[in-house]
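The values are calculated or read from the model by the stated rules, or taken from the named source; none is laboratory data. Please read these numbers as outputs of a predicted model, since none were measured by experiment. Cβ placement follows ideal geometry from the backbone for every residue including glycine, while neighbour counts extend to all protein chains displayed. Each accessible area value is taken on the protein alone, full model and side chains, heavy atoms only, with ligands, DNA and RNA left out. Shrake-Rupley method; radii C 1.70, N 1.55, O 1.52, S 1.80 Å.
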Amino acid sequence: QDEAFYSFETYNYPSEIHSLSVKKGTDAVWFKLKVPADPSAYVVEQLFFQSKDGTRVPMFVVRGKSTPRDGSAPAYLTGYGGFNSSETPTFRKGIFPWLERGGIYAVANMRGGGEYGEGWHRAGMKHDKQHVFDDFEAAAEALVKEKLTSADRLVAFGASNGGLLMGAVLTQRPDLFRAVICAVPLLDMVRYQMSGSGRTWTSEYGSADDEADFRALYAYSPVHHVTPGTPYPSVLMDTADSDDRVDPMHARKMAAALQAASSGGPVLLRVEHNSGHGGADLVRALVERQADWYAFALSEIRKTGATMGPATTP
(Lines give C-alpha, C1' and ligand atoms only; values in the text may rest on other atoms or scores of the structure.)
Protein backbone atom coordinates (compact mmCIF):
# COMPACT_ATOMS: atom_id res chain seq x y z
CA GLN A 1 0.00 0.00 0.00
CA ASP A 2 1.04 3.58 -0.55
CA GLU A 3 0.25 4.79 2.97
CA ALA A 4 2.61 4.32 5.92
CA PHE A 5 2.82 5.80 9.39
CA TYR A 6 5.64 6.78 11.74
CA SER A 7 5.80 8.36 15.17
CA PHE A 8 8.05 11.10 16.51
CA GLU A 9 8.78 12.61 19.92
CA THR A 10 11.64 14.33 21.69
CA TYR A 11 12.21 16.07 25.02
CA ASN A 12 10.10 19.10 24.19
CA TYR A 13 7.65 17.59 21.68
CA PRO A 14 5.03 15.03 22.74
CA SER A 15 4.21 12.05 20.58
CA GLU A 16 3.11 12.79 17.01
CA ILE A 17 1.95 10.30 14.40
CA HIS A 18 2.59 11.19 10.76
CA SER A 19 1.08 9.62 7.65
CA LEU A 20 3.44 9.13 4.74
CA SER A 21 2.86 8.65 1.01
CA VAL A 22 5.51 6.24 -0.24
CA LYS A 23 4.92 7.18 -3.90
CA LYS A 24 4.95 10.95 -3.40
CA GLY A 25 7.37 11.13 -0.48
CA THR A 26 5.10 13.56 1.34
CA ASP A 27 3.83 13.36 4.89
CA ALA A 28 1.24 15.02 7.10
CA VAL A 29 0.44 15.09 10.80
CA TRP A 30 -2.15 12.38 11.46
CA PHE A 31 -2.34 12.82 15.25
CA LYS A 32 -0.74 15.32 17.60
CA LEU A 33 -0.95 15.45 21.37
CA LYS A 34 -1.62 19.00 22.53
CA VAL A 35 0.11 20.39 25.61
CA PRO A 36 -0.24 23.79 27.35
CA ALA A 37 3.28 24.87 26.38
CA ASP A 38 5.12 26.02 23.27
CA PRO A 39 7.61 23.30 22.26
CA SER A 40 8.83 25.39 19.33
CA ALA A 41 10.43 27.88 21.73
CA TYR A 42 13.13 25.33 22.57
CA VAL A 43 15.84 23.43 20.77
CA VAL A 44 17.42 20.03 21.46
CA GLU A 45 21.13 19.66 20.77
CA GLN A 46 23.47 16.70 21.12
CA LEU A 47 26.93 17.54 22.42
CA PHE A 48 29.95 15.27 22.76
CA PHE A 49 32.66 15.58 25.37
CA GLN A 50 35.69 13.63 26.57
CA SER A 51 35.60 11.75 29.85
CA LYS A 52 38.56 11.36 32.20
CA ASP A 53 40.04 8.44 30.25
CA GLY A 54 39.45 10.07 26.85
CA THR A 55 36.21 8.23 26.04
CA ARG A 56 33.84 10.24 23.85
CA VAL A 57 30.48 10.58 25.63
CA PRO A 58 27.24 12.17 24.34
CA MET A 59 24.85 14.52 26.12
CA PHE A 60 21.51 16.01 25.12
CA VAL A 61 20.83 19.68 25.96
CA VAL A 62 17.39 21.31 25.85
CA ARG A 63 17.34 25.11 25.97
CA GLY A 64 15.40 28.12 24.85
CA LYS A 65 16.27 29.43 21.39
CA SER A 66 17.22 32.77 22.91
CA THR A 67 19.07 31.41 25.95
CA PRO A 68 22.43 33.23 26.15
CA ARG A 69 25.63 31.19 26.09
CA ASP A 70 27.49 33.31 28.61
CA GLY A 71 27.36 31.02 31.64
CA SER A 72 24.43 32.85 33.22
CA ALA A 73 21.69 30.25 32.62
CA PRO A 74 20.81 27.78 35.39
CA ALA A 75 21.19 24.16 34.33
CA TYR A 76 19.61 20.91 35.51
CA LEU A 77 21.90 17.98 34.67
CA THR A 78 20.64 14.43 35.05
CA GLY A 79 21.58 10.89 34.08
CA TYR A 80 21.27 7.24 35.03
CA GLY A 81 24.24 5.20 33.82
CA GLY A 82 23.34 1.65 34.70
CA PHE A 83 21.49 -1.59 34.01
CA ASN A 84 21.82 -1.23 30.23
CA SER A 85 19.13 1.48 30.31
CA SER A 86 19.25 3.97 27.42
CA GLU A 87 18.37 7.61 28.07
CA THR A 88 16.82 8.48 24.72
CA PRO A 89 14.97 11.69 23.73
CA THR A 90 11.43 11.02 24.95
CA PHE A 91 8.91 13.70 25.88
CA ARG A 92 9.37 14.98 29.43
CA LYS A 93 6.50 17.23 30.36
CA GLY A 94 8.01 18.02 33.75
CA ILE A 95 10.89 20.03 32.26
CA PHE A 96 8.74 22.94 31.03
CA PRO A 97 8.54 24.81 34.37
CA TRP A 98 12.35 24.82 34.40
CA LEU A 99 12.74 25.80 30.76
CA GLU A 100 10.15 28.57 31.06
CA ARG A 101 12.31 30.20 33.74
CA GLY A 102 15.30 30.37 31.43
CA GLY A 103 16.80 27.09 32.55
CA ILE A 104 18.73 24.49 30.58
CA TYR A 105 17.92 20.78 30.88
CA ALA A 106 20.70 18.31 30.11
CA VAL A 107 20.88 14.49 29.99
CA ALA A 108 24.28 12.79 30.03
CA ASN A 109 24.48 9.36 28.35
CA MET A 110 27.16 7.80 30.54
CA ARG A 111 28.67 4.37 30.31
CA GLY A 112 26.62 1.79 32.16
CA GLY A 113 23.65 2.58 29.93
CA GLY A 114 22.75 0.81 26.71
CA GLU A 115 23.13 3.67 24.24
CA TYR A 116 26.02 1.97 22.42
CA GLY A 117 25.22 -1.65 23.17
CA GLU A 118 26.35 -4.15 25.77
CA GLY A 119 29.97 -3.03 25.61
CA TRP A 120 28.91 0.46 26.73
CA HIS A 121 26.93 -1.11 29.56
CA ARG A 122 29.78 -3.32 30.77
CA ALA A 123 32.18 -0.38 30.72
CA GLY A 124 30.14 1.15 33.56
CA MET A 125 29.28 -1.82 35.76
CA LYS A 126 30.89 -3.74 38.64
CA HIS A 127 34.62 -2.90 38.89
CA ASP A 128 34.27 -0.26 36.14
CA LYS A 129 31.49 1.70 37.88
CA GLN A 130 33.82 4.64 38.40
CA HIS A 131 33.60 5.32 34.66
CA VAL A 132 29.96 6.37 35.14
CA PHE A 133 30.89 8.96 37.74
CA ASP A 134 33.80 10.22 35.64
CA ASP A 135 31.46 10.62 32.65
CA PHE A 136 28.92 12.64 34.63
CA GLU A 137 31.57 14.87 36.14
CA ALA A 138 32.97 15.47 32.65
CA ALA A 139 29.46 16.35 31.45
CA ALA A 140 29.20 19.01 34.16
CA GLU A 141 32.58 20.42 33.18
CA ALA A 142 31.52 20.44 29.51
CA LEU A 143 28.40 22.50 30.27
CA VAL A 144 30.57 25.09 32.01
CA LYS A 145 33.25 25.00 29.29
CA GLU A 146 30.62 25.57 26.60
CA LYS A 147 29.31 28.53 28.66
CA LEU A 148 25.86 26.99 28.86
CA THR A 149 25.97 27.48 32.63
CA SER A 150 28.42 27.97 35.52
CA ALA A 151 29.18 25.88 38.59
CA ASP A 152 27.18 28.16 40.89
CA ARG A 153 24.10 27.70 38.67
CA LEU A 154 24.42 23.97 38.04
CA VAL A 155 22.04 21.51 39.70
CA ALA A 156 22.51 17.74 39.49
CA PHE A 157 19.61 15.31 39.75
CA GLY A 158 19.39 11.53 39.80
CA ALA A 159 17.07 8.84 41.13
CA SER A 160 17.52 5.19 42.14
CA ASN A 161 20.73 4.04 40.41
CA GLY A 162 20.94 7.70 39.37
CA GLY A 163 20.74 8.51 43.09
CA LEU A 164 23.88 6.44 43.61
CA LEU A 165 25.43 8.54 40.85
CA MET A 166 24.49 11.70 42.75
CA GLY A 167 26.01 10.42 45.97
CA ALA A 168 29.25 9.49 44.23
CA VAL A 169 29.75 12.76 42.34
CA LEU A 170 28.70 14.72 45.43
CA THR A 171 31.47 13.16 47.51
CA GLN A 172 34.06 13.05 44.71
CA ARG A 173 33.57 16.49 43.12
CA PRO A 174 31.59 18.77 45.46
CA ASP A 175 33.05 21.79 43.65
CA LEU A 176 31.14 21.08 40.43
CA PHE A 177 27.59 21.79 41.61
CA ARG A 178 25.53 24.42 43.36
CA ALA A 179 22.95 21.86 44.47
CA VAL A 180 22.35 18.12 44.26
CA ILE A 181 18.95 16.42 44.35
CA CYS A 182 19.30 12.75 45.23
CA ALA A 183 16.10 10.70 44.99
CA VAL A 184 15.36 7.15 46.28
CA PRO A 185 19.11 6.46 46.19
CA LEU A 186 21.52 3.62 46.87
CA LEU A 187 24.30 5.11 49.00
CA ASP A 188 25.69 2.43 51.33
CA MET A 189 27.20 0.09 48.77
CA VAL A 190 28.79 -2.17 51.37
CA ARG A 191 25.37 -3.17 52.74
CA TYR A 192 23.04 -2.53 49.81
CA GLN A 193 22.47 -6.24 49.13
CA MET A 194 21.09 -6.79 52.64
CA SER A 195 17.81 -4.90 52.12
CA GLY A 196 15.13 -4.20 49.58
CA SER A 197 15.86 -5.71 46.19
CA GLY A 198 19.59 -5.34 46.67
CA ARG A 199 20.48 -9.01 46.42
CA THR A 200 19.11 -9.05 42.84
CA TRP A 201 21.61 -6.38 41.70
CA THR A 202 24.91 -8.11 42.47
CA SER A 203 25.40 -8.87 38.77
CA GLU A 204 25.42 -5.10 38.14
CA TYR A 205 27.38 -3.83 41.15
CA GLY A 206 29.15 -6.88 42.57
CA SER A 207 28.82 -8.44 46.00
CA ALA A 208 30.42 -7.25 49.23
CA ASP A 209 30.88 -10.92 50.09
CA ASP A 210 33.57 -11.13 47.39
CA GLU A 211 36.86 -9.47 48.35
CA ALA A 212 37.58 -7.92 44.95
CA ASP A 213 34.00 -6.68 44.63
CA PHE A 214 34.11 -5.30 48.17
CA ARG A 215 37.19 -3.24 47.38
CA ALA A 216 35.54 -1.83 44.25
CA LEU A 217 32.28 -1.05 46.08
CA TYR A 218 33.96 0.56 49.06
CA ALA A 219 36.13 2.71 46.79
CA TYR A 220 33.10 4.77 45.74
CA SER A 221 30.41 3.98 48.35
CA PRO A 222 29.09 7.51 49.02
CA VAL A 223 28.18 7.15 52.69
CA HIS A 224 31.72 5.95 53.44
CA HIS A 225 33.35 8.96 51.76
CA VAL A 226 31.67 11.86 53.54
CA THR A 227 34.56 13.96 54.89
CA PRO A 228 34.07 16.31 57.87
CA GLY A 229 34.64 19.99 57.12
CA THR A 230 34.08 19.68 53.38
CA PRO A 231 32.00 22.49 51.80
CA TYR A 232 29.50 20.21 50.07
CA PRO A 233 26.87 21.78 47.81
CA SER A 234 23.30 22.13 49.01
CA VAL A 235 21.63 18.73 49.07
CA LEU A 236 18.03 17.53 48.96
CA MET A 237 17.65 13.83 49.79
CA ASP A 238 14.29 12.47 48.69
CA THR A 239 12.99 9.08 49.75
CA ALA A 240 9.75 7.17 50.35
CA ASP A 241 8.77 5.54 53.63
CA SER A 242 7.37 2.43 51.92
CA ASP A 243 10.09 1.92 49.31
CA ASP A 244 10.64 -1.84 49.18
CA ARG A 245 13.11 -1.63 46.28
CA VAL A 246 15.71 0.73 47.78
CA ASP A 247 15.55 0.91 51.57
CA PRO A 248 15.00 4.53 52.74
CA MET A 249 17.83 3.99 55.24
CA HIS A 250 20.24 4.92 52.42
CA ALA A 251 18.90 8.47 52.16
CA ARG A 252 18.51 8.82 55.93
CA LYS A 253 22.07 7.71 56.69
CA MET A 254 23.56 9.93 54.00
CA ALA A 255 21.52 12.96 55.06
CA ALA A 256 22.64 12.51 58.68
CA ALA A 257 26.28 12.06 57.65
CA LEU A 258 26.24 15.18 55.47
CA GLN A 259 24.42 17.28 58.09
CA ALA A 260 27.13 16.36 60.61
CA ALA A 261 30.08 16.85 58.27
CA SER A 262 29.32 19.56 55.69
CA SER A 263 30.56 23.12 56.01
CA GLY A 264 28.66 24.08 52.85
CA GLY A 265 25.00 24.42 51.96
CA PRO A 266 21.96 23.03 53.77
CA VAL A 267 21.19 19.32 53.70
CA LEU A 268 17.47 18.48 53.67
CA LEU A 269 15.66 15.15 53.86
CA ARG A 270 12.27 14.84 52.17
CA VAL A 271 10.26 11.71 53.02
CA GLU A 272 7.13 10.96 51.02
CA HIS A 273 4.60 9.02 53.07
CA ASN A 274 2.52 6.08 51.86
CA SER A 275 4.74 5.94 48.80
CA GLY A 276 7.00 3.43 47.06
CA HIS A 277 10.09 3.62 44.88
CA GLY A 278 8.31 5.30 41.99
CA GLY A 279 6.44 7.83 44.11
CA ALA A 280 2.85 7.96 45.25
CA ASP A 281 0.25 6.81 42.74
CA LEU A 282 -1.40 10.23 42.57
CA VAL A 283 -0.85 12.94 39.98
CA ARG A 284 -1.05 15.52 42.77
CA ALA A 285 1.79 13.84 44.66
CA LEU A 286 3.97 13.64 41.54
CA VAL A 287 3.42 17.33 40.84
CA GLU A 288 4.19 18.27 44.44
CA ARG A 289 7.42 16.27 44.42
CA GLN A 290 8.63 17.85 41.15
CA ALA A 291 7.65 21.29 42.46
CA ASP A 292 9.66 20.71 45.64
CA TRP A 293 12.72 19.69 43.60
CA TYR A 294 12.54 22.80 41.43
CA ALA A 295 11.78 25.08 44.40
CA PHE A 296 14.85 23.79 46.20
CA ALA A 297 17.05 24.17 43.11
CA LEU A 298 15.85 27.70 42.33
CA SER A 299 16.15 28.89 45.92
CA GLU A 300 19.75 27.70 46.13
CA ILE A 301 20.68 29.29 42.81
CA ARG A 302 19.14 32.59 43.89
CA LYS A 303 21.37 32.61 47.00
CA THR A 304 24.31 33.20 44.66
CA GLY A 305 22.69 36.38 43.37
CA ALA A 306 21.64 34.78 40.10
CA THR A 307 18.35 35.93 38.63
CA MET A 308 15.70 33.56 37.36
CA GLY A 309 12.97 34.80 35.10
CA PRO A 310 9.32 34.25 35.95
CA ALA A 311 7.52 31.49 34.16
CA THR A 312 6.64 32.52 30.61
CA THR A 313 3.04 32.24 29.53
CA PRO A 314 2.41 29.24 27.24
* For Lys147, go through the aspartates and glutamates and keep the ones whose alpha-carbon is under 12 Å away, minus same-chain ones fewer than eight residues off. => Asp70
* To do: For a quick protection proxy, order the peptides 140-150, 255-265 by their average other-Cβ count within 10 Å, most packed first.
  => 140-150, 255-265
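Antiparallel as a % of all DSSP beta bridges within the chain, to the nearest 5? Intermediate values should be presented prior to the final figure.
On the way: 26 of 51 bridges.
So the antiparallel bridges in the chain amount to around 50 percent.
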* To do: Just the number, please: percent antiparallel of the DSSP beta bridges in region 17-141, rounded to the nearest 5.
  => 75
* By how many degrees, between 0 and 90 and to the nearest 10, does the Cα long axis of helix 211-220 differ from the longest principal axis of the chain? -> 70
* Tilt relative to the chain, helix 161-172 - C-alpha long axis, 0 to 90 degrees, to 10 -> 60
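Rounded to the nearest whole Å³, what is the per residue volume of the convex hull around the Cα atoms of region 1-65? Provide the component values of the computation, followed by the final result.
Details: hull volume 8.6 nm³, N = 65.
Convex hull volume per residue, Cα atoms: 132 Å³.
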* Debye equation applied to the C-alpha atoms of region 178-261, log10 I(q)/I(0) at 0.11, 0.17 Å⁻¹ -> -0.31, -0.71
* Roughly how many whole Å is it from the C-alpha centroid of region 144-161 to that of region 17-76? -> 18
* Structure fact -> Of the accessible area of the chain, computed with a 1.4 Å probe and all protein chains kept, carbon and sulfur make up a percent value of 52
* **Rounded, prolate or oblate (a/c below 1.5 giving rounded, otherwise prolate when a/b exceeds b/c) for region 176-223 by Cα gyration tensor** => oblate
* **Sparsely packed trypsin sites (Lys or Arg not before Pro) within region 5-47, loop by DSSP, other Cβ within 10 Å at most 16** => Lys23, Lys24, Lys34
* Structure fact -> Summing -39500 (n - 2.57) over every DSSP H run of at least 4 residues in the chain and dividing by its residue count gives a helix-only mean residue ellipticity at 222 nm, to the nearest 500 deg cm²/dmol, of -8000 deg cm²/dmol
* Size of region 145-207 along its principal axes in angstrom, Cα-based, largest extent first? -> 42, 17, 17
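Based on the alpha-carbon gyration tensor of region 229-301, what equivalent-ellipsoid semi-axes (square roots of 5 times the eigenvalues) come out, in whole Å, largest first? Numbers along the way, then the final one.
Working: eigenvalues 111, 55, 8 Å².
Value: 24, 17, 6 Å, ordered largest first.
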* Structure fact -> Computed over the chain: longest principal axis from alpha-carbon atoms vs helix 249-261 long axis, angle to nearest 10 degrees, is 70
* Quick one: work out Rg over Rh on the C-alpha atoms of region 1-145, Rh as Kirkwood radius. => 1.05
